[in-house]
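A.B. asks: Got a structure for you, written out below as structure tokens; questions coming shortly.
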Amino acid sequence: MLSFIEEKVSCWEKLSQEKRPIFMYGMGNGALKIMSVMSRKKIHLEGIFASDDFVRGHSFEGYRVQKLSEIEEKYDDFVIVLAFAVNYREMIDRVYELAEKYTLYVPDVPVVGGGLFTYEYCEENADKIEEVYNSLSDDLSRRVYSDIINFRISGDIRHLTDITTPREEIYKNIIKPSNAETYVDLGAYNGDTIREFLEFTKGRFKKIYAFEPDRKNFKKLNKYTENIKNIETINAVAWAIDTELPFSSKSGRQSALSPLADTMVQALSVDSVLDKKPATIIKMDVEGFEREAIWGASYTISHYTPKMMVAIYHRNEDIFELPLLIKSINPSYKFYIRHQMYIPAWETNLYVTT
């Protein structure tokens, strides 16, 4: 079982045994999550640094934010904990350069939910992880799956080095859209993924349904789509049933459902909106609530077998629970996993086709 998992020791264990000073690179929500785990595990954080352009004499959580050059003047060797996400080439190259020079970890903390992704966690879910691995339809999917799991355990970016697939290849080789698709975009944001879809269909399609719950994002979505025919924009959360839910609106990609939010938004299921009409492609990136969105599209999935593009990186369990859920609804699918350029292992997506 789990023979493809080579990493047995988590980065948290390695950090807790570290004798060299540990410095965090970056600030923000990710840094707060990592600092919380380090505090619980009694891992001493020596300090924080940021890219030189961002150092303005400010502080973060009681630490003076330093430049890397300041730390290098004081210490010959130290450990870096990367605490922010990056998805563009220049900065990713910079991270790899630092990893060549110093010991660098990118700890995995879930975008949504709690718990840590460790080898012990994988052992607890071994049957499910193994079933997904054996259900994947090509060697690259199996390699991506194993490398993502090994990365999430170890925080070692070497596992991400050779598993990046450009979006163009995914559309060309897996999704293969025609010019007569009915496309359902769950988490349409400002229309960026619709723009992407239209690029690969040369602007031709049958119908688009675009869900976006954030009001400001929804206005941007409507502005982008106002001159495009056959698009229905829906200011709602994609959910398992039709209801209302508390929503934290942040006017960006981080807008999400939150029990602490005091704003209620409409929640609709895909099946309700389609009203038993077919969809041919469904994209889901709904900030950790993909499971509920899948349940809400279960009639469409089981009856029409649409191609699907599903984010599987928000919650610890998504990497195995979501493929198995779709498989239980429609066993006829082929399953692929691809990772696009991102550190940490965000933009790891499940693609299902017939």
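A.B. asks: For a label point 7 Å from the Cα of Val37 along Cα→C-beta, name the residues of the range 117-160 whose backbone N is under 14 Å from it.
C.D. replies: 117-122, 149-157
A.B. asks: If each of His303 and Glu18 carries a label point 7 Å out from its Cα toward its Cβ, how far apart are those two points in nm?
C.D. replies: Taking the simple label geometry, His303 and Glu18 are separated by 5.4 nm.
A.B. asks: Follow-up question, since we're still on this one. Cα centroid distance between the range 6-83 and the range 98-172, in Å?
C.D. replies: The range 6-83 and the range 98-172 have Cα centres spaced 22 Å from each other.
A.B. asks: Let me ask something else. If the convex hull of the alpha-carbon atoms of the range 167-311 is projected onto planes in all directions, what is the mean projected area in square nanometres?
C.D. replies: On the way: hull surface 31.6 nm².
One quarter of the hull surface, i.e. the mean projection, equals 7.9 nm².
A.B. asks: Quick check on the exposure proxy: order Glu120, Glu292, Glu46 from fewest to most C-beta atoms within 10 angstrom. Could the numbers behind the result be given before it?
C.D. replies: Numbers: Glu120 11, Glu292 19, Glu46 15.
Taking fewest neighbouring Cβ atoms as first place, the list is Glu120, Glu46, Glu292.
A.B. asks: Something else: Taking only the alpha-carbon atoms of the chain, what semi-axes of the equivalent ellipsoid follow from 5 times the gyration tensor eigenvalues under a square root, in whole Å, largest first? Intermediate results must be reported in sequence, preceding the final value.
C.D. replies: On the way: eigenvalues 268, 111, 71 Å².
The equivalent ellipsoid of the chain has semi-axes of 37, 24, 19 Å.
A.B. asks: Too long at a 29 Å Cα-Cα cut-off: which of Lys219/Lys283; Lys219/Lys327; Lys41/Lys67; Lys33/Lys307; Lys223/Lys334?
C.D. replies: Details: Lys219/Lys283 20 Å; Lys219/Lys327 35 Å; Lys41/Lys67 26 Å; Lys33/Lys307 35 Å; Lys223/Lys334 36 Å.
Too far apart for the 29 Å limit: Lys219/Lys327; Lys33/Lys307; Lys223/Lys334.
A.B. asks: Size of the dipole of the chain about the Cα centre, Lys and Arg at +1 and Asp and Glu at -1 on the beta carbon, nothing else charged, in debye to 20? Mind showing how you got there, number by number?
C.D. replies: On the way: 45 positive and 53 negative charges, 207 e Å.
Computed charge dipole of the chain: roughly 1000 debye.
A.B. asks: Here's something else I'd like to know. With each pseudo-label sitting 7 Å past Cα toward Cβ, what's the Asp275-Met1 distance in nm, one decimal?
C.D. replies: Spacing of the two 7 Å Cα→Cβ label points: 4.9 nm.
A.B. asks: Ratio of the range 11-160's C-alpha Rg to 2.2 N^0.38 Å, to two decimals? Walk me through the numbers on the way to the answer.
C.D. replies: Values: Rg = 16.7 Å, N = 150, 2.2 N^0.38 = 14.8 Å.
Rounded to two decimals, the normalised Rg is 1.13.
A.B. asks: Quick one: length gained pulling Asn230 to Glu70 fully straight, 0.36 nm per residue minus the C-alpha distance? Intermediate results must be reported in sequence, preceding the final value.
C.D. replies: Values: separation 160, 0.36 × 160 = 57.60 nm, distance 5.67 nm.
Length difference between fully extended and current span is 51.9 nm.
A.B. asks: Would you please put 313-321, 144-152 in order of how densely packed they are, using the mean number of other Cβ atoms within 10 angstrom per residue and starting with the highest?
C.D. replies: On the way: 313-321: 22.0, 144-152: 23.9.
Per-residue Cβ counts within 10 Å, averaged per peptide and sorted highest first, yield 144-152, 313-321.
A.B. asks: Identify the residues of the range 7-41 with backbone N under 18 Å of a label point that sits 7 angstrom from the Cα of Ser51 along the Cα-to-Cβ direction, or state none.
C.D. replies: In the range 7-41, the label zone of Ser51 (backbone N under 18 Å from the point 7 Å along Cα→Cβ) covers 24-31.
A.B. asks: Hey, another quick one. Estimate the FRET efficiency between Leu98 and Thr353 by the formula 1/(1 + (r/R0)^6), using the beta-carbon distance for r and 35 Å for R0, to the nearest 0.05.
C.D. replies: 0.35
Rule-based calculations on the coordinates, nothing more; no lab input. Since we're looking at a predicted model, the values are computed, not measured. Reconstructed Cβ throughout: ideal geometry from the backbone, glycine too, with neighbour counts over all protein chains shown.
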